[in-house]
1. Could you check Tyr40 against (1) out of contact with any strand residue (DSSP E or B) (no Cβ under 9 Å at 6 or more places or on another chain); (2) in contact (Cβ under 8 Å) with a residue 40 or more places away in the chain and say which number it fails?
2. Of everything in the stretch 110-164 that's within 15 Å of Leu258 (Cα to Cα) and loosely packed, with under 15 Cβ neighbours inside 10 Å, which residue is nearest to the ligand (Cβ to nearest atom)?
3. Quick one: in the stretch 99-109, of everything that is near the ligand (Cβ under 6 Å from one of its atoms) and touching a residue at least 24 places away in the same chain (Cβ under 8 Å), which residue is farthest from Ala225 (Cα to Cα)?
4. Which members of the stretch 228-248 meet the condition of being farther than 20 Å from Leu105 by Cβ and within 15 Å of the ligand (Cβ to nearest atom)?
5. Has the stretch 192-203 got at least one residue that is more than 16 Å from the ligand (Cβ to nearest atom), touching a Pro at 6+ places or on another chain (Cβ under 7 Å), of a type in the set (D, E, K, R) and at pLDDT 95 or above?
6. Search the stretch 174-200 for residues being more than 14 Å from Ala158 (Cβ to Cβ) and of a type in the set (A, V, I, L, M), and hand back the single one that is farthest from the chain's Cα centre (by Cα).
7. I need the helices (runs of 4 or more DSSP H) fully contained in the stretch 20-93, keeping only those with at least 1 residues that are farther than 24 Å from Leu261 by Cα and in contact with a His (Cβ under 7 Å, 6 or more places away or on another chain).
Amino acid sequence: MDFIRELAFPLPATVIAGLMGAPEEDLEPIKTWSDRLAAYLGGAVDERDNFAEASTGIAGLVDYFRTLLRERARRPRDDLMSLMLRAEHEGDRLTHDEVVANCILLLFAGHETTTNLLGNGLFHLLGHPAQTALLRADPSLLHGAVEECLRYDGPVPATVKVATEDVPWHDRTIRRGDMVMPFMASANRDPRQFPDPDTLDVRRPAERHVAFAWGIHFCLGAWLARLEARVVLDTVFRRLPGLGLASSEPRWKPMIFLRGLEALPLSWPRP
Ligand code: HEM
């Protein structure tokens with residue numbers, strides 16, 4: 001199977017679309033728009049000028065959610081879209097445009113990243129058979145294994161921030177207003193924080209990495225992503241005892257800010 005196409009993409013996309021209230025049959029067009037946006041936001045390393053493509057992706061998502069939200073405003077349901085339309089804080093409510101923006105953010109942030117956690121994680125675990133054997137023998141290690149996959153090769157290697165005040169940084173100062181690109185992937189391999197950082201070790205003490213960033217913008221969906229990864233790894237290892245990589249050099253997407261595989265061919269013996 002191609003693990004990305006057949007499981008790592010459809011599962012998180014179905015979960016987040018379901019939570020939001022988008023019908024499952026709309027996943028295909030949503031994926032097309034979202035991929036166009038990802039190619040741009042992910043910071044493509046190829047030379048294509050994909051700004052126009054990303055704009056059509058955004059326009060598609062905006063139209064799509066505007067239509068769905070009009071329906072929810074008339075007939076609310078038990079989903080996140082209806083909840084956001086009703087949400088009120090100290091008399092303040094979200095405008096329709098704000099709800100549309102949040103829907104796009106949640107949908108986008110909620111599937112591509114988790115797809116890549118599943119793909120990168122399984123790729124590295126299967127590439128380290130001794131680690132996979134530990135997990136098969138003791139599923140209670142799964143929680144730590146997911147954290148280790150996030151640390152070792154997380155789906156969001158870097159982000160972009162603007163300094164709100166002057167920050168002394170070693171022998172220089174990051175000035176207020178400067179744009180900064182913190183590389184979480186690099187911090188996650190810092191030998192002062194993680195002994196032997198280039199070794200994948202599912203028994204490593206969990207949760208000190210910064211794969212979900214840190215502070216006020218810490219990932220809203222971290223616990224959902226962790227849960228999905230635990231369920232998938234547990235199920236895959238339990239149901240497919242002889243599972244292995246069908247190619248040791250799969251293709252990575254040509255992006256900087258999003259790290260994930262184009263495809264992950266897997267094979268296992270017939271029972
Ligand atoms: C393994 C999967 C995921 C990874 C590695 C990840 C990573 C991140 C990172 C690094 C940030 C901070 C970005 C920044 O400050 O520049 C972030 C923010 C965010 N994430 Fe995730 N994410 C994942 C899954 C999800 C899921 C499943 C959802 C939604 C259900 C989600 C929703 C969000 C939202 C809404 C923000 C913005 C939070 C804010 O600015 O206050 N993420 N994520």
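The values are calculated or read from the model by the stated rules, or taken from the named source; none is laboratory data. In this text the structure is predicted, and so the values were computed from the model without any measurement. When we count neighbours, we look across all protein chains shown, and the Cβ atoms used for this are built from the backbone with ideal geometry, even at glycine.
1. Result: Tyr40 fails condition (2) only.
2. So the residue we want is Thr159.
3. Going residue by residue through the stretch 99-109, those that are near the ligand (Cβ under 6 Å from one of its atoms) are 105-106, 109.
If we keep only those that are touching a residue at least 24 places away in the same chain (Cβ under 8 Å) too, we end up with 106, 109.
Values: Leu106: 12, Ala109: 10 Å.
Here the answer is Leu106.
4. Going through the stretch 228-248, the residues farther than 20 Å from Leu105 by Cβ turn out to be 229-248.
Within the stretch 228-248, Ala229, Arg230, Val231, Val232, Leu233 meet the criteria.
5. Let us first name the residues in the stretch 192-203 that are more than 16 Å from the ligand (Cβ to nearest atom), namely 192-203.
With the extra rule that they be touching a Pro at 6+ places or on another chain (Cβ under 7 Å), the set shrinks to 197.
Next cut, of a type in the set (D, E, K, R) only: none.
No - not one qualifying residue is present in the stretch 192-203.
6. Taking the stretch 174-200 first, the residues more than 14 Å from Ala158 (Cβ to Cβ) are 174-178, 190-200.
Checking the rest, the ones that are also of a type in the set (A, V, I, L, M) come to 174, 200.
Numbers: Ile174: 29, Leu200: 20 Å.
Filtering first and then ranking leaves Ile174.
7. Of the helices (runs of 4 or more DSSP H) lying wholly inside the stretch 20-93, those with at least 1 residues that are farther than 24 Å from Leu261 by Cα and in contact with a His (Cβ under 7 Å, 6 or more places away or on another chain) span 51-74.
Yes/no matrix, rows are residues, columns are (1) within 16 Å of Gln131 (Cβ to Cβ); (2) among the charged types (D, E, K, R); (3) in contact with a Leu (Cβ under 7 Å, 6 or more places away or on another chain):
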| residue | (1), (2), (3) |
| --- | --- |
| Ala187 | no, no, no |
| Asp190 | no, yes, no |
| Phe194 | yes, no, no |
| His209 | no, no, yes |
| Trp214 | no, no, no |
| Gly221 | no, no, no |
| Ala225 | no, no, yes |
| Leu233 | yes, no, yes |
| Gly244 | yes, no, yes |
